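Comments concern the structure below.
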Amino acid sequence: MDTSKLGRGEMMAVIGGVILAISLFLNWYHSRSALATIGGHKGVGTYSAWDVHSTTRWLMLAGAIAPLVLAYIIARELHLSWPRGQMTMVISVALLGFLVYYGIINRPGDPSGEIKLRYGWFLAMIGAILMLVGSTMRAQESETVRKPPGVL
């Protein structure tokens, strides 16, 4: 295993994955009303993504591991049938979709107007963006040369 093969893109993606994984346990939401409920919790309080999202937390944690798998593949010089970094790029786009949906479009809790975002959600966004940028940099480096149509 040769870690000198890891470039700036892989390191950026790994740092983003670590930030995302840590942010799942930090404060994401704050309930401002005694009548508000979020993730089964009622009243005023601050809650992490791990407290609120029962299924999505596992998907986000699995997605945060993707850059580590990419770094392992590159360090071991394993051959893939797709450009390295492409799968991590797709996973980070899905993670960004989760984050935008749960932070902006359909914030959990009832009433959702009484639930405010905290720093953990913003750190998760930074981590997912770092994952996307880093994996995109890697995918561009290992892009396969495309042939024109009709050429075998």
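Since every read-out is calculated from the coordinates, none of them should be taken as a lab result. What you see is a predicted model, and the numbers here were worked out from it, not measured in a lab. Cβ sites come from the backbone with ideal geometry, for glycine too, and all protein chains shown count toward neighbours.
Work out from phi, with θ = phi - 60° and the Karplus expression 6.51 cos²θ - 1.76 cosθ + 1.60, the ³J(HN,Hα) of each residue of the range 33-43, listed in order in whole Hz, and give x for Gly and Pro.
Calculated HN-Hα couplings, in order: 10, 6, 8, 7, 10, 8, x, x, 9, 10, x Hz.
222 nm [θ] for the chain, helices only, -39500 (n - 2.57) per DSSP H run of 4+, per residue, to 500? All intermediate terms of the calculation are to be shown ahead of the outcome.
Values: 5 runs with 78 residues, N = 152.
Estimated from H runs of four or more residues: -17000 deg cm²/dmol.
As an exercise, use a Förster radius of 35 Å and the Cβ-Cβ distance of residue 140 and residue 35 to find the FRET efficiency, rounded to the nearest 0.05. Before the final figure, lay out the partial values.
Values: r = 50 Å, r/R0 = 1.44.
Once rounded, the FRET efficiency stands at 0.10.
Using Cβ contacts closer than 10 Å as the measure, can you line up 50, 121, 58 from fewest to most?
Least to most surrounded, the residues fall as 58, 50, 121.
Per residue of the range 109-116, in order, report the coupling 6.51 cos²θ - 1.76 cosθ + 1.60 (Karplus, θ = phi - 60°) as ³J(HN,Hα) in whole Hz, putting x for Gly and Pro.
Values, residue by residue: x, 9, x, 5, x, 8, 9, 10 Hz.
P(r) of the chain in 5 Å steps, Cα pairs, percent per bin?
The calculated distribution, bin by bin, is 2, 10, 18, 18, 14, 11, 9, 7, 5, 3, 2, 1, 0, 0.
Give me 93, 52, 18 sorted ascending by neighbouring Cβ count inside 10 Å, so fewest comes first. Present the calculation step by step, with values, prior to reporting the outcome.
Working: 93 14, 52 20, 18 17.
The fewest-first ordering by Cβ neighbours comes to 93, 18, 52.
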